[in-house]
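Comments concern the structure below.
The values are calculated or read from the model by the stated rules, or taken from the named source; none is laboratory data. Note that this is a predicted model, so its numbers are computed, not measured. When we count neighbours, we look across all protein chains shown, and the Cβ atoms used for this are built from the backbone with ideal geometry, even at glycine. When the accessible area is computed, the model is the full protein with side chains, heavy atoms only, and any ligands, DNA or RNA have been set aside. Shrake-Rupley method; radii C 1.70, N 1.55, O 1.52, S 1.80 Å.
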Amino acid sequence: MQINSTAMTAMSNWMNNSAQNVANVNTDNYNATQTTITNQNDAIVAQSSQSTNGTDLTTEFTDQIAIDKSFKANVETIKTQNEMLGSLLDMKA
């Protein structure tokens with residue numbers, strides 16, 4: 001469950017960066033924040049860096065769809081783990 005929660009945190013950071021990029025699409029001289037997701041020591045980590053380009057709305061919107069789907073998949077995994085653990089505890093009691 002720990003890796004799912006760290007993945008959800010990373011997805012939240014990525015979504016926040018993407019939302020900020022979209023919000024600043026018309027801001028002069030704004031450099032978009034690029035986010036990469038990596039696996040470090042059994043933890044999913046979002047690493048951010050400033051790009052030299054402005055915001056590409058096509059990339060941001062497709063990224064946001066992928067982020068949303070990934071976040072939901074991790075939520076479902078945690079729900080399933082919770083249900084399985086509950087069932088196991090019910091059998092022992």
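One residue stands out among those in the range 58-72 that are among the hydrophobic types (A, V, I, L, M, F, W, C) and under 11 Å from the mean Cα position of the chain (by Cα): the one that is surrounded by the fewest Cβ atoms within 10 Å (Cβ to Cβ), which is Ile65.
If Thr33 meets every condition in (1) touching a Ser or Thr at 6+ places or on another chain (Cβ under 7 Å); (2) open to solvent by 70 Å² or more (accessible area, probe 1.4 Å) apart from one, which number is that one? Only one criterion in (1) touching a Ser or Thr at 6+ places or on another chain (Cβ under 7 Å); (2) open to solvent by 70 Å² or more (accessible area, probe 1.4 Å) is unmet by Thr33, namely (2). Taken over the range 24-75, residues that are over 24 Å from Thr6 (Cβ atoms) and among the charged types (D, E, K, R) amount to 2.
When each of Thr27, Thr77, Thr55, Thr38 is tested for being open to solvent by less than 70 Å² (accessible area, probe 1.4 Å) and either part of a helix (DSSP H, G or I) or in contact with a Leu (Cβ under 9 Å, 6 or more places away or on another chain) (or both), the lone residue that passes is Thr77.
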